[in-house]
Amino acid sequence: NAGVMQNPRHLVRRRGQEARLRCSPMKGHSHVYWYRQLPEEGLKFMVYLQKENIIDESGMPKERFSAEFPKEGPSILRIQQVVRGDSAAYFCASSPLLAGTDTQYFGPGTRLTVL
Amino acid sequence: AQSVTQLGSHVSVSEGALVLLRCNYSSSVPPYLFWYVQYPNQGLQLLLKYTTGATLVKGINGFEAEFKKSETSFHLTKPSAHMSDAAEYFCALNTGANSKLTFGKGITLSVRP
């Protein structure tokens, strides 16, 4: 059973460009979480999605950031007009649709560098 | 609101020595507690978790942690450090199934030969 997959692993963008980060959850998992890790800090929650629904976006910046998890295909975290402060590692985690499930399984992350 | 505190940013031990990484939490509801390990340029791997039941939980690679409600702590231990344990360790909590994780800032563990 393949783990959580994220691509690209490394992404370089210039200020003002768009960044698209993809996350394919583990097989059978229908919950996806996005976290951001800034240098010298722990992971910060951004958004929680189920198929075609955003459940909790309390950690998402109000502007420039959006996320989706369509019925088919990977979850996408989109950052428009990137700025240097967006440089970070972005991690996706997934969990299955089971009552009482509490464990999130993490992907390898996408490291975004904004020049 | 929930929070996780990991005091200090770096711990160094000798190979074969006891590893103790501290974690304290604050939560308004009974928490689920987790320890994750992150090797350089990799994702997070689950070491162990506490949900309910036995307060001493055992994880992979010889690690264990004890949930102490009275001390709001969930410290991670390993009796004998190995060079391969060098990594960053994160304590985290959530409040049940399908809820976001709140992480501590992490602790870097170095192991001296």
With a Förster radius of 25 Å, plug the Cβ-Cβ distance of A:Lys71 and A:Thr103 into 1/(1 + (r/R0)^6) and report the FRET value to the nearest 0.05. 0.55
Which of the lysines could be linked to B:Lys69 by a straight reach, that is with a Cα gap under 19 Å, when you skip same-chain ones fewer than 8 residues away? B:Lys49, B:Lys58
May I ask for the distance between the Cα centers of region B:61-83 and region A:36-115, given as a whole number of Å? 29 Å
For B:Ser28 and B:Ala1, calculate 0.36 nm times their separation in residues minus their Cα-Cα distance, and state this gained length in nm to one decimal. 9.1 nm
Inter-probe distance in nm under a simple model that places probes 7 Å from Cα toward Cβ, at A:Gln81 and B:Glu15: 5.4 nm
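Just checking the output field for B:66-73: average partner chain Cβ neighbours within 10 Å of each residue's Cβ?
Values: counts 0, 0, 0, 0, 0, 0, 0, 0.
For this peptide, the per-residue mean of nearby foreign Cβ atoms is 0.
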Please turn the phi angles of region B:77-82 into ³J(HN,Hα) values with the Karplus equation 6.51 cos²θ - 1.76 cosθ + 1.60 (θ = phi - 60°), one per residue in order, whole Hz, x for glycine and proline. 9, 8, x, 9, 6, 10
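Quick one: grab the alpha carbon gyration tensor of region B:15-97, order the square roots of its eigenvalues as a ≥ b ≥ c, and give me rounded if a/c is under 1.5, else prolate or oblate depending on whether a/b is larger than b/c.
Details: a/c = 2.13, a/b = 1.52, b/c = 1.40.
Prolate, since a/c reaches 1.5 and a/b exceeds b/c.
Since every read-out is calculated from the coordinates, none of them should be taken as a lab result. This is a predicted model, so every value here is computed, not measured. Cβ atoms come from the backbone with ideal geometry, glycine included; neighbour counts cover every protein chain shown.
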